[in-house]
Structure formats: structure tokens, C-alpha cells
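Each remark here refers to the structure printed beneath this line.
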Amino acid sequence: MKEMTFTIQRFDPSKDEKPHQETYTVSVNEGARVLDALDEVRRRHDPSLMYRSCCRAGQCGSCAVRVNGSPALACMQEATDGMVVLPLELPVIRDLATDIAPVLERLATILPSDSPGGLSKEEVELIKPLRECIECLSCVSVCPALKVVDFAGPTAMRQEMRCALDPRDSKDRITEAIERGLFACTTCHRCVEVCPKKIKIPGKAIEKLRERANRAGLTLPRHQAVAELVERTGRSVERTEATFLEQVPEVIEPDGPVKMTIGFFVGCMFNGRVPQPALDAMEVMKRNGIRVIIPHEQVCCGSPLIRTGQTTILPDLKRKNIEAFTSRGIDIVMTMCAGCGATLKNDYETPFTVMDITEVMMKAGIEPPAKLPISATYHDPCHLLRGQGISDPPRHFLSMVVEKYIPMPTQCCGAGGGVRSGQPEEAAALGKLRGEAIAATGADIVVTICPFCEFHIQEQTNKPVKNLATLLLEGYRKKDLERSGD
């Protein structure tokens with residue numbers, strides 16, 4: 001047995017004006033779960049403590065709570081000394097019990113046809129990943145879209161796709177999904193991150209439903225315009241100045257000995273809309289012994305099309321991009337755009353390794369820059385944090401170049417999943433929340449590694465938003481000035 005002290009949020013709407021926290025000390029066995037600790041509180045301290053539990057085996061989903069800020073099943077999460085247990089971010093009935101009925105009541109059910117048949121083995125396999133949901137609603141509790149728009153939520157979209165895949169169902173699930181907010185999802189993958197069953201709702205449900213909507217001619221007009229632009233120009237954004245590819249040679253040699261050779265996948269935003277951060281990154285590569293090969297025939301990676309369900313020309317884009325790098329014998333392809341990196345890693349089958357710029361710099365090792373006399377906070381791009389699993393490297397380099405790094409909670413800025421183009425009001429509302437979080441840090445600047453995040457967040461904050469590569473280059477220039485004595 002071991003003694004453990006932890007905190008629980010308590011709230012009884014019949015007598016409390018607002019939630020409060022109470023701390024308890026209990027004795028539990030080694031390896032005890034959160035649910036075991038809650039049972040001890042109710043048994044030894046307060047029998048009125050309310051929470052749900054049923055199967056105690058991670059299969060019913062009823063005991064979902066937040067442990068130290070993140071959703072978890074109380075029966076599966078190990079209890080730790082000092083932990084804080086809160087209800088999911090849903091309407092609270094009392095204490096840790098939330099009102100899940102309104103969400104569950106709206107979940108789609110099969111509407112059988114007049115002569116329903118059985119399921120083939122192939123159909124069962126397609127449906128199976130979506131049937132593993134235990135309806136704990138962890139995904140609903142963290143969905144950023146639900147904070148600002150009327151959206152049925154991720155588990156409802158999962159169920160719509162589950163029904164759409166079932167040949168016994170006779171209802172028009174695509175129109176229904178659109179009416180319930182299909183295009184509100186930013187594909188941030190926060191739902192996957194917290195799902196105890198790791199159901200890939202964005203990829204297995206949202207994007208597949210959007211593909212079906214596209215085949216039915218129901219794609220949003222602004223999304224259609226992006227697809228038409230890609231088909232016509234090979235790029236998803238219009239150029240606003242001389243493009244990156246027009247300003248650089250195919251090979252950029254380093255200033256000193258070659259430590260590493262990489263290919264560079266530029267991405268549409270860095271090529272045509274905001275080329276300066278990419279140009280800055282090339283200077284950082286040169287300084288650190290990294291030869292960069294830049295095939296000029298590369299095109300859009302297809303991410304904006306995949307996220308919005310417009311995949312008809314995707315095979316051609318993939319072929320062109322893979323050939324651009326393989327024809328030059330490139331083994332490592334670097335990306336600076338989080339969306340491009342996640343797409344090349346997760347949606348392509350490449351014969352080369354794809355690495356984010358921070359991974360490249362960690363692998364090669366870089367010269368320390370001078371510290372800039374500023375404080376900075378960091379915005380995690382969803383497609384970098386969850387799409388590529390990269391969190392520490394950007395913070396490592398940011399801490400190298402600024403005097404003070406100020407952490408900020410992660411949250412989708414609203415620019416992804418086609419939301420900025422298709423649902424601009426939602427994107428702006430999420431961007432405003434991000435702007436408020438930035439202001440709360442008190443940092444001088446915001447740093448990120450995604451041109452879409454950078455572009456979008458700058459509209460919602462009065463703080464400068466900079467790419468990490470630009471900041472590192474500023475640190476090197478400061479270092480050179482200090483060395484020269486100027």
C-alpha cells in the first residue's frame with residue numbers, strides 16, 4: 001500500500017455557485033488506477049462524490065475524466081501523487097459526472113432499407129476501425145471547433161461515416177453530415193490524441209465523408225476554387241511576389257565543409273505567399289554545413305485537397321513530387337511547412353526519408369546563435385505536433401536564441417482542414433482565442449513553424465509572429481555583429 005494525496009474538482013449545482021477543488025489523502029495499492037483512488041475517497045472521506053464507472057476494463061467509456069488536464073479513462077490511467085482530477089469539458093451534472101446524453105442522443109443509427117442484406121468481409125473490415133468507439137466523448141470535450149460553432153462533433157462524424165459505409169443503411173448520410181458541420185473540422189487530430197482507442201476520425205471519417213461530398217458535387221465553392229488553382233498552376237495559393245523557386249538556384253552549397261545533403265520541399269505558401277522565411281532557412285542551412293537541393297519542378301503536396309476531399313488529381317501530384325527528388329538521388333527531404341511535412345510522411349509512400357527542419361537541425365547539429373534580448377512563446381502547429389509528433393525540437397532551438405521562453409497551452413489556431421478558406425468566421429473565432437492565449441503569456445513575440453499558422457495568427461494578435469528559421473538567422477547576425485565589434 002502507498003499513501004497518495006490528490007485533488008478533485010467538486011461541484012453541486014443545487015448548492016454551489018461555482019466549481020471548487022478539494023484535496024484528499026488515500027491509501028491505495030501500487031499500480032492503482034485513478035478509479036481506485038476515487039473509490040477510496042468515496043469510501044473513506046465523502047460518499048457523496050459523484051463519478052461514473054461500469055466495466056472497469058476500458059470498454060464502456062463511462063469513467064472518462066480529465067487527469068492533469070488531459071482526458072483519460074479513470075479505470076485505465078495510473079493514479080499518481082499530486083494528480084488533479086477534473087470532469088471532461090462538458091456540462092457538469094455533479095462533481096466528475098457530465099451530461100453526455102445530448103450528444104449520444106444525436107448519434108446516427110442505421111435506417112434499414114426494405115431488403116437489407118448482410119455485410120461482406122471487406123465491408124466489415126472498413127467499418128471495424130469506426131466501431132471501436134466506446135462513446136466516452138473525450139474527443140467531443142476537446143474539439144476546438146465545438147468552442148466556436150454549431151458542430152455535431154467528432155464522434156457524430158465518426159458515426160455518420162460508419163453508417164455511410166454500411167450497405168444496409170438507406171439514409172443520405174452525406175447531406176446529413178454537411179448539415180451537422182462536416183466542413184467545420186480543422187483536422188487538428190486532437191480527437192485522435194485523446195481517444196483511448198486511437199480512432200483516426202479526421203482521416204477515417206471526416207476526410208472520407210468530404211470525398212463522398214465531392215463526388216456528389218457538394219464541396220464548398222471556396223474549396224473547389226483551391227482545387228481548380230492546383231490543377232491549373234500546380235500550386236494551392238496565388239503568387240504575391242517573386243516566388244521562392246524563382247529566387248534560388250537548384251543547389252545551395254554551404255559556406256564550409258558539407259556535413260549533410262538534403263532535398264527541400266518548399267510548399268505552396270513558402271513558395272508564393274511568404275518566401276522570406278524559406279530564404280532565411282537557406283541561410284541557416286548554409287551556415288551549418290548543409291547542402292540543399294531544390295528541384296524546381298516540385299508542385300503542391302496535395303494537403304489542401306486531401307483535407308477537403310478533392311483527391312482526383314492527387315496521384316499525379318504525388319508522382320511528380322516523388323520523381324522530382326528520386327531523380328536526383330535524394331535520401332532526405334526537408335519540409336518547413338507542418339502541413340506539407342505531415343502529408344509527405346502520412347499520405348505518401350516515399351522512397352526517401354521526410355524530416356521537418358527542426359529534425360534536420362537536430363540531426364546535423366547547429367552552431368549556437370547569439371541570444372536575442374526578447375521573450376517568446378511558441379505556437380504548436382497541429383500538423384507538426386500531432387501530425388508528425390514533434391514537440392521538443394522547436395522549443396530546444398527557440399530556447400537557444402531568445403533570453404526567455406514562455407510556454408503556452410497548445411490549441412488549434414483555426415487555419416487548417418480547409419476551415420480558413422471554407423469557414424472563415426470559424427477560423428477567425430479560433431484565431432481570436434489563440435490571440436488571447438498569446439496575450440496572456442506577455443511574450444514579446446510568437447514563434448511557429450507553419451506558414452498557415454503564421455499568416456493566420458498574425459491577423460489575431462498585435463505581437464510579431466515569426467518563423468523559427470528567421471529568428472535563428474537574426475541570432476546569427478547578432479553574433480556576427482558582436483564578433484566584428486560593431
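The values are calculated or read from the model by the stated rules, or taken from the named source; none is laboratory data. In this text, all values refer to a predicted model and were calculated from it rather than measured experimentally. Counting neighbours? That spans all protein chains shown, and the Cβs are built from the backbone with ideal geometry, glycine included. Each accessible area value is taken on the protein alone, full model and side chains, heavy atoms only, with ligands, DNA and RNA left out. Shrake-Rupley method; radii C 1.70, N 1.55, O 1.52, S 1.80 Å.
Once both axes come from the Cα atoms, what is the angle between helix 34-44 and the longest principal axis of the chain, in degrees from 0 to 90, rounded to 10? Long axis of 34-44 versus the principal axis of the chain: about 40 degrees.
Taking only the alpha carbons of the chain, we obtain Rg and Dmax values of 24.8, 85 Å in that order. The antiparallel fraction among DSSP beta bridges confined to the chain stands at about 50%. Scattering from segment 397-466 was approximated by placing one identical point on each alpha carbon and applying the Debye formula without solvent; log10 I(q)/I(0) at 0.17, 0.20 1/Å stands at -0.59, -0.78. Relative to the dominant Cα principal axis of the chain, helix 154-164 is inclined by about 90°.
Only lysine pairs 8 or more places apart or on separate chains count here, and in segment 225-351 those with Cα atoms under 26 Å apart total 5.
If you wrap the tightest convex hull around every Cα atom of segment 132-203 and split its volume per residue, you get 83 Å³.
Once you have all Cα-Cα distances for segment 201-335, histogram them in 10 Å bins from zero and send the whole-percent values. Distribution as computed: 12, 36, 30, 17, 5, 0 percent.
Shape descriptor for segment 78-188: Rg over Rh equals 1.05 (Cα atoms; Rh from the Kirkwood inverse mean 1/r).
Residues whose amide H comes within less than 5 Å of that of V402, counting only those at least five positions distant or on another chain, are L372 (H built at 1.01 Å from N in the peptide plane).
For the chain, carbon and sulfur atoms together expose 49% of the accessible surface, with a 1.4 angstrom probe and every protein chain in place. Applying the Kirkwood pairwise sum to the alpha-carbon positions of segment 315-401 produces a hydrodynamic radius of 14.4 angstrom. Applied to segment 429-439, the Karplus parametrisation 6.51 cos²θ - 1.76 cosθ + 1.60 on θ = phi - 60° returns per-residue 3J(HN,Hα) values of 5, 5, x, 5, 4, 5, x, 5, 5, 5, 4 Hz, with x for Gly and Pro. When you restrict to C-alpha pairs under 8 Å that are six or more residues apart and normalise by the size of segment 63-171, the relative contact order lands at 29 percent. Which parts of segment 265-301 would a label at K320 reach, counting a residue when its backbone N lies under 11 Å from a point 7 Å out along Cα-to-Cβ? 297-301, by backbone N distance to the label point. Per residue, the chain exposes an accessible area of 43 Å² to a 1.4 Å probe, with every protein chain left in place.
Rounded to the nearest 0.05, the FRET efficiency derived from the C-beta distance between K121 and D16 at R0 = 60 Å is 0.65. Separation of segment 229-264 and segment 364-443, taken as the distance between their Cα centroids, equals 24 angstrom. Fraction of C-alpha pairs exceeding 19 angstrom in segment 37-113: 41 percent, rounded to a whole number. Based on Cα contacts under 8 Å between residues 6+ apart, segment 379-470 shows a relative contact order of 28 percent. For M355, the amide hydrogen comes within under 5 Å of the amide hydrogens of V333, M334, T335, counting only partners 5 or more places away or on other chains and with H modelled in the peptide plane.
What the Cβ-Cβ distance of V84 and K404 gives, at R0 = 22 Å and to the nearest 0.05, is a FRET efficiency of 0.25. Residue-normalised convex hull volume from the C-alpha trace of segment 1-147: 151 Å³ per residue. Couplings 3J(HN,Hα) for segment 280-296, derived from phi with the Karplus relation 6.51 cos²θ - 1.76 cosθ + 1.60 (θ = phi - 60°), are 4, 4, 5, 5, 5, 4, 4, 5, 10, x, 10, 7, 10, 9, 10, x, 7 Hz, where x marks Gly and Pro. The convex hull drawn around the Cα atoms of segment 298-449, when projected onto a plane and averaged over every direction, covers 9.9 nm².
With respect to the chain, whose longest principal axis is taken over its alpha-carbon atoms, helix 121-131 is tilted by about 80°. Normalised by the number of residues in the chain, the average gap of Cα pairs under 8 Å and 6 or more apart makes the relative contact order 11 percent. Evaluating 6.51 cos²θ - 1.76 cosθ + 1.60 at θ = phi - 60° for every residue in segment 383-396, the Karplus couplings come out as 6, 9, 5, 9, x, 10, x, 10, 10, 6, x, x, 5, 4 Hz, glycine and proline recorded as x.
First obtain the Kirkwood hydrodynamic radius of segment 366-486 from its Cα pairs, then insert it into the Stokes-Einstein equation at 25 °C and 0.890 mPa s, and state the resulting D in µm² per second as a whole number. Here the translational diffusion coefficient equals 165 µm²/s.
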